[in-house]
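For reference, the structure is listed below as structure tokens.
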Amino acid sequence: MSAIREPRAAKSFRAAGDRIVRQESALPSVVSRLLTPSVIARPAVADDADGWTVRLAALAMLGQYDALTFIVDGAARGNGYNVVDDPMADDATRAALEETRRSGATVQTQTTIRLADDRVAGAAMIAPLVATGTIAGVLVALRVGRSFAAADALIASGISELVSLELARDALVDRDEAHRRQAFALYELARLSLFGERLLETLQDVTALLTSALDHDVAQIWLFAPDGALELSAARPRENLRFEHMNAVEHDALAQALHQQRIVRIGHGALRPWVPAETRELIVVPLTDRARSLGALVLGRVRQRYEETDEELAGVLGRFISRLVVKATPGREITERSEPAAAAPDADRDWADEPQLTRS
């Protein structure tokens with residue numbers, strides 16, 4: 001029996017139908033590709049500034065801003081997205097910032113702030129950051145070629161709350177990190193006091209520890225010499241110092257700390273030729289053994305200012321270093337050998353009662 005051949009017209013019709021079916025089945029995937037956002041490479045975040053740039057870029061997109069930044073009171077210039085010029089450099093923007101700080105209201109104004117993409121923002125909206133105890137400041141939103149409406153004030157208020165929460169979270173992380181560094185530093189000081197053999201080498205290790213773990217740019221330990229003058233026993237840094245031997249009465253800060261046995265804080269501008277010239281602020285801590293003066297611990301910072309908690313921790317450090325000096329002094333070692341062995345627990349009790357951290 002011979003096979004029945006399919007007519008050519010029918011074969012062409014069936015092939016066309018198959019092509020239509022295949023095209024219809026591929027249509028959902030094409031639509032899916034069109035609706036799916038393009039893949040964007042993750043931005044590299046190397047430090048906190050990069051992280052804030054990513055956050056502010058996302059918030060600026062939500063608020064339909066061309067640039068976004070914030071300014072925290074008492075801190076250096078804040079982070080920003082697509083911002084080059086300092087908002088405080090523009091007179092109108094600075095006046096609006098001061099009005100927001102004074103009244104707590106959201107203010108909009110005209111401005112001429114240059115952006116990172118070479119455009120110039122013509123409108124600015126300033127909203128207060130939500131106060132979170134230790135953080136206060138303002139949020140600055142910028143637009144190019146468009147003004148702000150009343151509804152934008154509500155959006156800016158919401159974005160301000162998000163930025164304030166992020167700042168508060170960062171502050172908690174920084175505080176926890178500071179407490180960990182303090183605990184490590186006090187542990188190392190206790191270890192050096194117990195196991196350090198050579199006094200000068202041990203004191204040099206102490207100054208290195210203070211500058212690396214506790215954010216001090218300057219650390220010096222001055223001890224009294226037999227002639228009654230102060231000698232620089234250890235310092236970090238030690239280069240380009242004008243004095244390594246001096247009379248304490250010739251310098252008011254040292255004289256007050258040593259004679260009154262209290263912590264003295266020195267601000268920028270005071271005469272202190274015994275520390276690097278770029279030092280902004282100092283804390284002078286007396287080193288004592290009961291009523292006997294041993295010398296002074298000098299701590300300094302170049303950029304940041306000291307706070308009350310820094311002074312409290314400096315007092316704790318001074319007591320640790322005083323005991324280290326007493327333990328390593330040969331005269332004291334002879335005295336301890338001549339005393340009964342029962343006196344040892346008293347010294348251990350002194351270490352046990354020492355506070356470990358400053359208050360939170």
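The values are calculated or read from the model by the stated rules, or taken from the named source; none is laboratory data. All values reported here derive from a predicted model rather than from experimental measurement. Backbone-built Cβ (ideal geometry, glycine too); neighbour counts: all protein chains shown. Accessible surface is based on the protein model in full, side chains and every heavy atom, while ligands, DNA and RNA are left aside. Shrake-Rupley method; radii C 1.70, N 1.55, O 1.52, S 1.80 Å.
Give the Cα extents of region 135-252 along the principal axes, in whole Å, largest first.
Principal extents (largest minus smallest coordinate, Cα): 76, 34, 23 Å.
Considering the convex hull of the alpha carbon atoms of region 245-311, report its projected area averaged over all viewing directions, in nm², one decimal.
Hull-based average projected area comes out at 4.7 nm².
Could you work out what % of the accessible surface of region 180-240 is carbon and sulfur, using a 1.4 angstrom probe and leaving DNA, RNA and ligands out of the count?
Summing carbon and sulfur atoms, their accessible area is 51 percent of the total for region 180-240.
How large is the translational diffusion coefficient of region 86-198 in µm² per second when you combine the Kirkwood radius over alpha carbon pairs with Stokes-Einstein at 25 °C and 0.890 mPa s?
146 µm²/s
If R0 is 41 Å, what FRET efficiency do you get for ASP227 and LEU172 from their C-beta distance, rounded to 0.05?
Once the sixth-power term is evaluated, E becomes 0.20.
Counting just the Cα atoms, what span does region 196-325 cover along each of its three principal axes? Round to the nearest Å and put the largest first.
35, 31, 29
Taking R0 as 30 Å, what's the FRET efficiency between ALA149 and GLU98 from their Cβ-Cβ distance, rounded to 0.05?
Step by step, r from the Cβ atoms, then E = 0.80.
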